[in-house]
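The values are calculated or read from the model by the stated rules, or taken from the named source; none is laboratory data. Here the structure is a predicted model, which means the values were calculated and not measured. Note: ideal-geometry Cβ built from the backbone for every residue, glycine included; neighbour counts use all protein chains shown. Areas reflect the complete protein model, heavy atoms only, side chains present, ligands, DNA and RNA absent. Shrake-Rupley method; radii C 1.70, N 1.55, O 1.52, S 1.80 Å.
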Amino acid sequence: MSLSPTAYAFLGLTAIVAALVSIVVFALLRFSAAARDARRGHRHGESEILSSALQEAVTKLKAQERATAARADASERLSGEIISGLSAGLLVVGLHGEIRILNPAGRRMLDLPDSAPPEVCRRSLDELALSAVIDECLSTHAAVVRRSVTLPEPRHGVSHVGITVSPLFDDSGDLHGAICLFTNLTAVKDLEEQLRLKESLATVGELTAGIAHEFRNGLATIHGYSKLLDLSALPESYRPYVEGIRAEAESLGQVVTNFLTFARPAQLMLSSVDLRAICERAADEVRADARALGGDVEVRGAFGVIDGDEVLLRQTFSNLLRNALEACAGASVPPRIVVQSEVDRAQRVSRIAVDDNGPGIAPALRERVFRPFFTGKRSGTGLGLALVQKIVVFHNGRVTIGTSPLGGASVQVSLPVTPLGVRE
């Protein structure tokens, strides 16, 4: 069948239209695919942005957490350093008395090692009467302010403690414990005692010096007249009486002279004094007598250097060693005398103990032995230890009596040392 020209033209036009449609469809398909690819790329970019933002936020949160933990650690370290660095004792207890915190200064005052279990710490508090003050605070819910407590037995040189206890309340106002600060008041009490002794010694000196002086004048007159008596001109039966008058007048004159020395206001000639040299010299004075009785005198330990009167300090330790020797001789035991010294660098105090193996001094008499004219010896004047106390007190020191490790008496002298004044 033959086609007309019009048919051929229609067929050609149809082919052209079909080709154009195919091109348009292909273009639309390509455009649709490109659009889909673009949308997928956009969603992927958003995911990347969101992931990056989340990662950055997490990083910042971790950094803040580390900073917060570092601040907490620094705050905890600072609190620990403050607690450890306190010179006063710090004690925190719970509602039932359980110990939560006890700083190193408190352990030193209570003489407790770091490894001491809680029951030992609690027992130590009971022994020192600290727990009674804490219990009072817990029971009354009220603070106990500046309570002074005297320890039954000194520990590391601590004999008086000042205590302040405050109750601890939580946010709801319920009591859950107490915090206790306790301070070593030994130095303050010692200073008060020194001032009291100085005042009393000055008063005694003023009241008695004039009387003793007049008394000595009367004794001198009696002794002088007794010397004028010629014993050869007296009957034989009268001579012992005159000799007795002379001897007693001389003895009483020496007592009055010693008392005037004690009552006289102390005039210190201050210089740098090495306490080891003082004690060695005092020991040399009695060592020969001690060895003659089968004993010996020993000086050991670390000694301080103080600003003091060398003559008076030498007299002090000579009196103490002579007293120890006579006490041992009176008990018929070979005298063993030890001068033991140590220096407390923190308190700047030199502590010297004169220990012996004699009969010792009863606790009830330890305060009385420093009173003038108190003596336990037949031939003693009772002024030796009184003079020792006066000299020590006027050197801003302290002297006490205790029990010696050797079994006898221990006379303990504490004197303030100069900075860095230590002699091994």
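Numbers at a glance
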| quantity | calculated |
| --- | --- |
| Selected residue (criterion: farthest from Pro359 (Cα to Cα)) from residues of region 397-424 that are among the polar types (S, T, N, Q) and at pLDDT 85 or above | Ser414 |
| Among the residues listed as Ile82, Ile101, Ile134, the single one being in a strand (DSSP E or B) and under 23 Å from the mean Cα position of the chain (by Cα) | Ile101 |
| Filtered residues of region 99-139 (kept if surrounded by fewer than 15 Cβ atoms within 10 Å (Cβ to Cβ), free of Cβ contacts under 8 Å to residues at least 24 places away in the same chain and of a type in the set (D, E, K, R)) | Asp114, Glu119, Arg123, Asp126 |
| Qualifying residue in region 355-370 (condition: at pLDDT 90 or above, part of a strand (DSSP E or B) and open to solvent by 20 Å² or more (accessible area, probe 1.4 Å)) | no |
| Any hit, region 321-342, residues being within 30 Å of the chain's Cα centre (by Cα), in a helix (DSSP H, G or I) and at pLDDT 85 or above | yes |
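Yes/no matrix, rows are residues, columns are (1) open to solvent by less than 50 Å² (accessible area, probe 1.4 Å); (2) within 18 Å of Asn319 (Cβ to Cβ); (3) modelled with pLDDT of 85 or more:
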| position | (1), (2), (3) |
| --- | --- |
| Leu234 | yes, no, no |
| Arg239 | no, no, no |
| Gly244 | yes, no, yes |
| Arg264 | no, yes, no |
| Glu285 | no, yes, yes |
| Val297 | yes, yes, yes |
